[in-house]
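The next block holds one structure in the form of C-alpha cells; read it before the comments.
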Amino acid sequence: MRIAITDACIFIDLYDLQLTVPFFTLDLEIHTSVDVLNELYHNQQQMLSAFQLTGKLTAHNISEGEKIEILSTPYPKSLSDSDKTVLFLASKLKAMVLSSDKTVRNCAKKSSIPYHGTIWIFDRLVDSQLLSKNEASIKLKKLITTNLVYKNNKELVEHMQERLVLWGK
C-alpha cells in the first residue's frame, strides 16, 4: 500500500464534493500533519477525525526538531507552514504528495517527490469502481464551476475536459 501525504486543499475538495468516504476506501495509506488539519473548518476536522479513529488517517505532530529542520529547508516563501509539513513528511516517509496547489506540486517535483492532484484521485475512484463515470462527471463539473482555482486554470480545465470526454459526459 502506497503512502500519500495529503494537504488541506485535497481534503476541502473531497469534503465539498462528498467524496471523503470513497477516498479513504482507495488502496492508499493516508497521512497528513496536524498543521494541515488545523487549517480546516470544524465540520471538516470532525469528519476526518472519524478516519483517524479507525486508523485510516494518520496525523503527524511535527516536533520542535522537525520544525527547525523545516525552517532550514529552502522552501519557496509562497508555501504555507502547513504545506511545508506536507513536503517534509513526504520526503521523510518516502511518500507521494496529494495536492492541487501548484506551488506544492512544483516543489515536490523539484525534490523528486511523486505528486498527484484531484484529477488523479478521480481517476483512481473511477478505476476502483468507487465512483461511476457518470457520478465522476457530475462531481468534476461541479468542481470546475464552484472552485476558482480550477475555474481560472486553463491547463487544469483542459485535463478535466479530457476526463469528461473519456467518461462520456
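Structure above, values below:
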{"quantity": "Residues within the stretch 113-134 that are part of a helix (DSSP H, G or I) and within 23 Å of Ser91 (Cβ to Cβ), tallied", "calculated": "4"}
{"quantity": "Single match in Ser100, Ser72, Ser111, Ser78 (criterion: buried (at least 17 other Cβ atoms within 10 Å of the Cβ) and either touching a Lys or Arg at 6+ places or on another chain (Cβ under 6 Å) or of a type in the set (Ser, Thr, Tyr) (or both))", "calculated": "Ser100"}
{"quantity": "Leading residue by the ranking (surrounded by the fewest Cβ atoms within 10 Å (Cβ to Cβ)) among those in the stretch 119-134 that are among the polar types (S, T, N, Q) and out of contact with any Ser or Thr (no Cβ under 9 Å at 6 or more places or on another chain)", "calculated": "Gln129"}
{"quantity": "Whichever residue in the stretch 60-87 is of a type in the set (A, V, I, L, M) and without any contact (Cβ under 8 Å) to a residue 24 or more places away in the chain and, among such residues, is nearest to His31 (Cα to Cα)", "calculated": "Ile70"}
{"quantity": "Set Ser91, Ser137: member being part of a helix (DSSP H, G or I), touching a helix residue (DSSP H, G or I) at 6+ places or on another chain (Cβ under 8 Å), surrounded by 15 or more Cβ atoms within 10 Å (Cβ to Cβ) and among the polar types (S, T, N, Q)", "calculated": "Ser137"}
{"quantity": "Filter result for Trp120 (farther than 30 Å from Gly65 by Cα and at pLDDT 95 or above)", "calculated": "yes"}
{"quantity": "Residue check, Leu53 under 21 Å from Tyr115 (Cβ atoms) and free of Cβ contacts under 8 Å to residues at least 40 places away in the same chain", "calculated": "no"}
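Results for (1) farther than 26 Å from Tyr150 by Cα; (2) surrounded by fewer than 17 Cβ atoms within 10 Å (Cβ to Cβ); (3) at pLDDT below 95; (4) over 13 Å from the mean Cα position of the chain (by Cα), shown as yes or no for each residue.
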| site | (1), (2), (3), (4) |
| --- | --- |
| Ile3 | no, yes, no, no |
| Pro22 | no, no, no, yes |
| Thr25 | no, yes, no, yes |
| Leu37 | no, no, no, no |
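The values are calculated or read from the model by the stated rules, or taken from the named source; none is laboratory data. No experiment lies behind these values; they were computed from the predicted model shown. We place every Cβ from the backbone using ideal geometry, glycine too, and count neighbours over all the protein chains shown.
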